2 protein chains.
Amino acid sequence: MQSQPFSRWSRPAILAGVTVAAVLGVAGDLMAQALKDVQTSDTPLVLKAQGSFFVGGDKVDQTQAELGDLGPGGHITVNQMYVRYMVPQGGDGNPPVVMVHGATLTGKSWETTPDGRMGWDEYFVRRGHPVYVPDQVGRGRSGFNQAVFNNARAGSVPAASLPRWLRFSDEGVWPNFRIGPKPGQPYPDTQFPVSALDELSKQGVPDVSFGGIPTPTPTHKALSDLAAQLNGAVLMGHSQSGSFPLAAALLNPAAMKGLVLVEPGTCPANYTAEQIATLARMPILVVFGDYRDTPTGMPSLPTWQARFEACQALIGRIKEAGGQAQMLSPAEIGARGNSHMIMQDKNSLQVADLILKWIGERVSKPSAQKK
Amino acid sequence: MQSQPFSRWSRPAILAGVTVAAVLGVAGDLMAQALKDVQTSDTPLVLKAQGSFFVGGDKVDQTQAELGDLGPGGHITVNQMYVRYMVPQGGDGNPPVVMVHGATLTGKSWETTPDGRMGWDEYFVRRGHPVYVPDQVGRGRSGFNQAVFNNARAGSVPAASLPRWLRFSDEGVWPNFRIGPKPGQPYPDTQFPVSALDELSKQGVPDVSFGGIPTPTPTHKALSDLAAQLNGAVLMGHSQSGSFPLAAALLNPAAMKGLVLVEPGTCPANYTAEQIATLARMPILVVFGDYRDTPTGMPSLPTWQARFEACQALIGRIKEAGGQAQMLSPAEIGARGNSHMIMQDKNSLQVADLILKWIGERVSKPSAQKK
């Protein structure tokens with residue numbers, strides 16, 4: 001087994017976006033101001049099914065004070081994972097794709113872009129894949145465990161022991177999401193729809209992952225269980241959750257049809273040989289945007305180039321073990337200026353086409369790739 | 001103008017559910033355990049469009065500590081309202097319906113039911129209405145303002161000043177949502193899918209409405225603005241948000257095509273004559289389930305019967321002012337045992353049919369109802 005190069009997906013093919021044009025007949029101004037700028041396709045979306053459900057969850061017994069002091073104490077569920085899904089009519093044979101969002105964000109990341117274009121959730125459905133979009137445990141519609149905050153309010157635990165709530169300032173997003181070196185200074189060729197940055201800001205929600213949920217995050221197990229319930233799935237993570245597909249795969253490798261790591265915050269360097277051998281059993285794609293070697297404005301964290309290199313190292317280990325992991329960096333094949341929010345970039349559907357092509361070659365028709 | 005009675009929607013029509021049968025060809029066991037029990041329709045769902053966007057939001061400047069101490073201080077957006085939408089193919093002329101959830105819940109309330117049946121969101125779309133499902137400001141994908149919690153953690157504000165986070169215990173839900181008088185004792189004819197109560201438990205998220213968001217809730221203005229952006233909409237609230245359509249209507253009555261108050265927690269008694277005259281300009285429907293005159297387990301709050309009677313009084317005032325407000329209580333027309341979560345009850349789609357019939361008569365064809 002050997003990876004095929006991505007180089008044959010030439011620059012003209014990326015920029016022409018033939019597939020994109022086939023499903024999008026869109027028009028709209030460039031300023032994104034919510035509903036009025038949401039674009040609509042020329043062709044209807046035909047779904048076999050859509051809806052939502054939960055995976056996982058733990059019953060805990062809490063006091064009246066822990067529950068906010070209105071009703072009686074008792075049991076609630078925490079650590080469940082909300083999942084919204086769409087299944088295309090006629091797409092039954094295609095691998096389902098699970099899309100997990102990053103830090104301070106929710107599943108909204110994958111929906112309508114900040115400037116009103118089609119999100120990857122709908123695009124992958126239109127390309128025939130059932131799509132499942134969770135909110136990470138501890139965020140969005142998955143909720144979180146509020147007890148410690150009510151206990152601090154009541155004085156029964158010290159406030160200093162509270163977990164932090166993380167949000168990224170708009171000013172911090174510019175360098176960290178690699179839209180530009182400083183606020184208000186976009187890279188000349190940035191693919192991010194800069195006029196819609198205020199809409200990206202609205203996607204932010206407080207993130208209590210740093211102390212407010214169990215370790216490791218229950219999302220790992222929930223993703224693994226979801227893939228099993230789907231009889232196999234492609235797991236796609238982004239940023240904070242970029243490594244989650246790896247973690248889920250190690251819990252239940254048989255349920256993984258493929259892993260896609262989009263701008264992962266981490267590619268672990270400490271996997272054992274046995275773990276690497278497990279990961280070598282499934283196709284893995286890592287996707288990174290441009291301007292990686294720029295300061296993030298967060299000196300305590302590695303640069304994106306350092307993360308990219310850690311992923312290159314992991315890919316190397318997996319390939320040495322006979323696996324078929326590979327890197328996709330659109331910059332190397334002619335598409336410059338992709339940001340950290342690559343699924344929202346102006347060329348987001350062209351990047352999606354590259355991932356869909358990889359799924360088609362590596363996941364949907366696995367027998368064709370073996371020599 | 002005079003309200004037509006609901007009595008002609010006879011018991012056989014409700015129980016036969018002809019319209020329901022036309023779009024649902026479902027089978028599944030009664031135990032709800034997430035994905036495996038999600039039911040799928042016989043006929044595809046054909047959407048002109050789907051996606052999500054935000055309404056409203058305020059930019060605030062926060063310190064590094066307030067943002068969780070990872071990145072730099074700066075601006076974030078708070079008080080925005082997330083909205084997911086589906087527009088049916090061919091439904092352009094029909095009034096859009098906005099469905100707002102209740103306390104400790106999110107927009108998930110209106111999606112797939114706990115036992116895996118079709119939610120009102122999809123059902124109203126299949127009946128031709130564009131549907132918009134928000135998360136209230138302060139919850140779910142709308143996020144909340146985390147600064148005060150991080151400040152308490154840092155010691156810069158007293159923990160005692162923190163807003164409470166509310167969740168309802170499973171034990172409290174039994175009497176308060178009128179599933180049964182005590183935990184484990186369902187009313188013999190309850191319409192709630194009792195075997196799926198653990199799935200309802202997973203829908204719970206912490207609710208910071210009591211001190212953690214501005215007063216009045218920014219959701220009022222966001223709903224009013226959303227209705228205006230839609231060039232008119234039917235606003236539907238539930239429980240905590242049951243009165244929100246009234247509040248939104250008073251902010252911008254011209255944008256209201258109709259108001260549906262499902263099991264409202266409040267029907268205000270203190271509206272001025274001018275406000276009543278405004279509400280008399282639009283069709284209003286109030287919907288209540290069964291077993292209202294039972295203890296809620298929350299002695300500090302009014303019973304549901306008291307709330308029902310407050311709504312009857314409000315309806316009376318609006319009718320006196322020449323308006324067409326009316327009460328729909330399925331129990332009075334033969335459908336017994338409906339719970340507070342009426343949109344998730346076993347006969348949820350039959351109740352939906354009653355609301356859709358009202359929309360058809362009072363909103364879609366307003367000229368036909370005038371004498």
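The values are calculated or read from the model by the stated rules, or taken from the named source; none is laboratory data. On a predicted model such as this, the values are computed, not experimentally measured, just so you know. Cβ atoms come from the backbone with ideal geometry, glycine included; neighbour counts cover every protein chain shown. Each accessible area value is taken on the protein alone, full model and side chains, heavy atoms only, with ligands, DNA and RNA left out. Shrake-Rupley method; radii C 1.70, N 1.55, O 1.52, S 1.80 Å.
Residue count for region B:15-56 under the criterion of being part of a loop (DSSP other than H, G, I, E, B) and at pLDDT 95 or above: the result is 2. Using the structure shown, decide if A:Leu235 is crowded, with 21+ Cβ neighbours inside 10 Å, in contact with a Phe, Trp or Tyr (Cβ under 9 Å, 6 or more places away or on another chain), more than 14 Å from chain B (Cβ to nearest Cβ) and in contact (Cβ under 8 Å) with a residue 60 or more places away in the chain. Spelling it out, A:Leu235 is indeed crowded, with 21+ Cβ neighbours inside 10 Å, in contact with a Phe, Trp or Tyr (Cβ under 9 Å, 6 or more places away or on another chain), more than 14 Å from chain B (Cβ to nearest Cβ) and in contact (Cβ under 8 Å) with a residue 60 or more places away in the chain.
In region A:194-219, what count of residues is obtained for those that are farther than 27 Å from B:Phe149 by Cα and within 14 Å of another protein chain (Cβ to nearest Cβ)?
1
Of the set (1) crowded, with 24+ Cβ neighbours inside 10 Å; (2) touching a strand residue (DSSP E or B) at 6+ places or on another chain (Cβ under 7 Å); (3) closer than 24 Å to A:Ser224 by Cβ, all apply to A:Leu105 but (2).
Every condition in (1) more than 14 Å from chain B (Cβ to nearest Cβ); (2) not in a loop (DSSP other than H, G, I, E, B) is met by A:Tyr187 except one, and the failing one is (2).
The residues of region B:251-269 that are assigned to a strand (DSSP E or B) and open to solvent by less than 60 Å² (accessible area, probe 1.4 Å), listed by number, are B:Met256, B:Gly258, B:Leu259, B:Val260, B:Leu261, B:Val262. Going by the conditions given, is B:Ser142 in contact with a Lys or Arg (Cβ under 6 Å, 6 or more places away or on another chain) and either open to solvent by 10 Å² or more (accessible area, probe 1.4 Å) or facing another protein chain (nearest Cβ under 9 Å) (or both)? When the stated conditions are applied, B:Ser142 does not pass them. Restricting region B:157-184 to residues that are among the basic types (Lys, Arg) and at the interface with another protein chain (Cβ under 7 Å from one of its Cβ atoms) leaves a set whose member that is most open to solvent (accessible area, probe 1.4 Å) is B:Arg164.
If I filter region B:147-155 for residues that are modelled with pLDDT of 95 or more and in contact with a strand residue (DSSP E or B) (Cβ under 8 Å, 6 or more places away or on another chain), do I get at least one hit? Yes, region B:147-155 contains a residue that is modelled with pLDDT of 95 or more and in contact with a strand residue (DSSP E or B) (Cβ under 8 Å, 6 or more places away or on another chain). A:Val173 passes every criterion in (1) in a loop (DSSP other than H, G, I, E, B); (2) touching a Gly at 6+ places or on another chain (Cβ under 9 Å) apart from (1). For region B:56-73, residues that are surrounded by fewer than 20 Cβ atoms within 10 Å (Cβ to Cβ), more than 32 Å from the chain's Cα centre (by Cα) and facing chain A (nearest Cβ under 8 Å) total 4.
In the set A:Ala222, A:Ala154, which member is within 11 Å of chain B (Cβ to nearest Cβ) and open to solvent by 10 Å² or more (accessible area, probe 1.4 Å)?
On inspection, the qualifying residue turns out to be A:Ala154.
Each row is one residue, and each column tells you yes or no for (1) assigned to a helix (DSSP H, G or I); (2) modelled with pLDDT under 95; (3) closer than 19 Å to A:Gly265 by Cα.
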position	(1), (2), (3)
A:Arg292	no, no, yes
A:Glu309	yes, no, yes
A:Gln312	yes, no, yes
A:Lys319	yes, no, no
A:Gly323	no, no, no
A:Arg336	no, yes, no
A:Ala352	yes, no, no
A:Lys357	yes, no, no
A:Ser367	yes, yes, no
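Scanning region B:81-91 for residues that are open to solvent by 10 Å² or more (accessible area, probe 1.4 Å) and not in a strand (DSSP E or B) gives B:Gln89, B:Gly90. Quick one: which residue in A:Phe149, A:Phe192, A:Phe124 is part of a helix (DSSP H, G or I), more than 30 Å from B:Leu45 (Cα to Cα) and open to solvent by less than 10 Å² (accessible area, probe 1.4 Å)? After ruling out the rest, the residue left standing is A:Phe149.
Applying the selection to region B:160-173, what residues are out of contact with any Lys or Arg (no Cβ under 6 Å at 6 or more places or on another chain) and in contact (Cβ under 8 Å) with a residue 12 or more places away in the chain? Result: B:Ser161, B:Pro163, B:Arg164, B:Trp165, B:Leu166, B:Arg167, B:Phe168, B:Asp170, B:Glu171, B:Gly172, B:Val173.
Which is under 19 Å from the mean Cα position of the chain (by Cα), more than 8 Å from every other protein chain (Cβ to nearest Cβ) and surrounded by 24 or more Cβ atoms within 10 Å (Cβ to Cβ), of A:Val137, A:Val78?
A:Val137
Looking at (1) surrounded by 16 or more Cβ atoms within 10 Å (Cβ to Cβ); (2) over 30 Å from A:Pro72 (Cα atoms), can you tell me which one B:Thr272 breaks? Condition (1) is where B:Thr272 drops out.
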